[in-house]
Amino acid sequence: MSHQQLQRVLVRMLYDPAFATEVFRDPGTTLRDEDLTEQEQRWLVSVDQRAYAVDPLRRTRTLAVLLEEFPVSVHHLIQQTAQPALVEDFFASAAFHTCIQSRGSLAVAFGTYLCSEDLQGRYPALDIVPLVQIETAIARLRRQRATSADAPVATPSMLSLAPTVLLLPLPAGILEYYHTMFAALQRDTHGLAAAAMQEAVLPRLHDTTAREWLLIEWHEDTENASIELLPDALGALLATAPAQRAALVASACALGAEAREAEEILDGLLTDGVLV
């Protein structure tokens, strides 16, 4: 094993008292899937268990950051369930533990938790997934830095979505709804994190089978994301990427464009940095 593996288990114990209790009760069984020796397991339980709880505000500080990134989702979660404690339950979730053990993004893991089958199963009427998808997409883009190592390989024929954009097919009307709710939370003088936890009377998301295409783009110069509602045909076209340029031209023509117009559309998307 490595010292990083031991450190990750330690972090999980600091954030999840129930997990820490299980480790102290039976480290061999609780940590059987982790790459730890018996000696390393003993190190974890060689101190007073109360040492893992000396910072009662650890979860609160971390949640404050997450609430800044998921204000609309969390606001709706609390209003629809009347259970504010569900937000803190994230630290006992599989999404959290998997994230820490695999060095993933805590914000993305929080989005995974909000959309988890466990949470949705406990509250069948919960209607927040499209909102979570928007805020998770922004969180992903915020943490994704395109480098020469991870950027798509540019070739004359193969076109892909740029690493700074994400395409989402979501229920019709969701973008207008999201903007309205986000603006309302921003007006709270206590800040987004506090606003997310406030009581409010919220309109329900419109139940529809219709879909709209959202293009979420991260802008390095402003360190912010923009969300654009795309025409259906353009969204359907981008959804076929990555693909050979000839295939994208064929898709554009099938969606109603002339051959020359299709080429111009692709050139425009390349110029705008949506495709690479």
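Restricting attention to region 16-25, and to residues there that are open to solvent by less than 40 Å² (accessible area, probe 1.4 Å) and without any contact (Cβ under 8 Å) to a residue 60 or more places away in the chain, which single residue is farthest from Q49 (Cα to Cα)?
First, pick out the residues of region 16-25 that are open to solvent by less than 40 Å² (accessible area, probe 1.4 Å): 16, 19-20, 23.
Remaining after also requiring without any contact (Cβ under 8 Å) to a residue 60 or more places away in the chain: 20, 23.
Values: A20: 8, V23: 10 Å.
The qualifying residue farthest from Q49 (Cα to Cα) is V23.
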Self-check item: The lone exception for A172 - which of (1) in contact with a Ser or Thr (Cβ under 9 Å, 6 or more places away or on another chain); (2) open to solvent by less than 30 Å² (accessible area, probe 1.4 Å); (3) of a type in the set (G, A, S) it fails
Solution: (2)
Quiz prompt | Residue list for region 5-15, restricted to those being in contact with an Asp or Glu (Cβ under 9 Å, 6 or more places away or on another chain) and either crowded, with 16+ Cβ neighbours inside 10 Å or charged (D, E, K, R) (or both) | solution = L6, R8, V9, L14
Exercise. Go through (1) among the basic types (K, R); (2) part of a loop (DSSP other than H, G, I, E, B); (3) under 30 Å from L126 (Cα atoms) one by one and return the number of the condition R32 breaks.
Key: (3)
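If only one of A51, A64 is over 28 Å from the mean Cα position of the chain (by Cα) and open to solvent by 40 Å² or more (accessible area, probe 1.4 Å), which one is it?
Numbers: A64 fails: over 28 Å from the mean Cα position of the chain (by Cα).
Exactly one of A51, A64 is over 28 Å from the mean Cα position of the chain (by Cα) and open to solvent by 40 Å² or more (accessible area, probe 1.4 Å), namely A51.
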Practice problem: Could you look through region 111-128, keep only residues that are touching a residue at least 24 places away in the same chain (Cβ under 8 Å) and in a loop (DSSP other than H, G, I, E, B), and pick out the one that is least open to solvent (accessible area, probe 1.4 Å)? | Solution: I128
Quiz prompt | Scope region 181-218; condition farther than 13 Å from H76 by Cα, of a type outside the set (S, T, Y) and open to solvent by 50 Å² or more (accessible area, probe 1.4 Å); matching residues | solution = Q186, R187, H190, H206, D207, R211, W213
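What about L255, is it of a type outside the set (V, I, T) and within 23 Å of R143 (Cβ to Cβ)? I'd like the intermediate steps shown before the answer.
Working: of a type outside the set (V, I, T): yes; within 23 Å of R143 (Cβ to Cβ): no.
Criteria not met by L255.
Is there a residue in region 69-90 that is of a type in the set (S, T, N, Q) and outside any helix (DSSP H, G or I)?
yes
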Exercise. For region 244-274, name all the residues that are closer than 16 Å to V165 by Cβ and either surrounded by fewer than 15 Cβ atoms within 10 Å (Cβ to Cβ) or among the polar types (S, T, N, Q) (or both).
Key: G268, T271, D272, G273
Quiz item: Which condition number in (1) modelled with pLDDT of 95 or more; (2) open to solvent by less than 50 Å² (accessible area, probe 1.4 Å) is the one that G104 fails?
Solution: (1)
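The values are calculated or read from the model by the stated rules, or taken from the named source; none is laboratory data. Keep in mind it's a predicted model, so treat the numbers as computed, not measured. Counting neighbours? That spans all protein chains shown, and the Cβs are built from the backbone with ideal geometry, glycine included. Note: accessible area is taken over every heavy atom of the protein model, side chains too, but ligands, DNA and RNA are not part of it. Shrake-Rupley method; radii C 1.70, N 1.55, O 1.52, S 1.80 Å.
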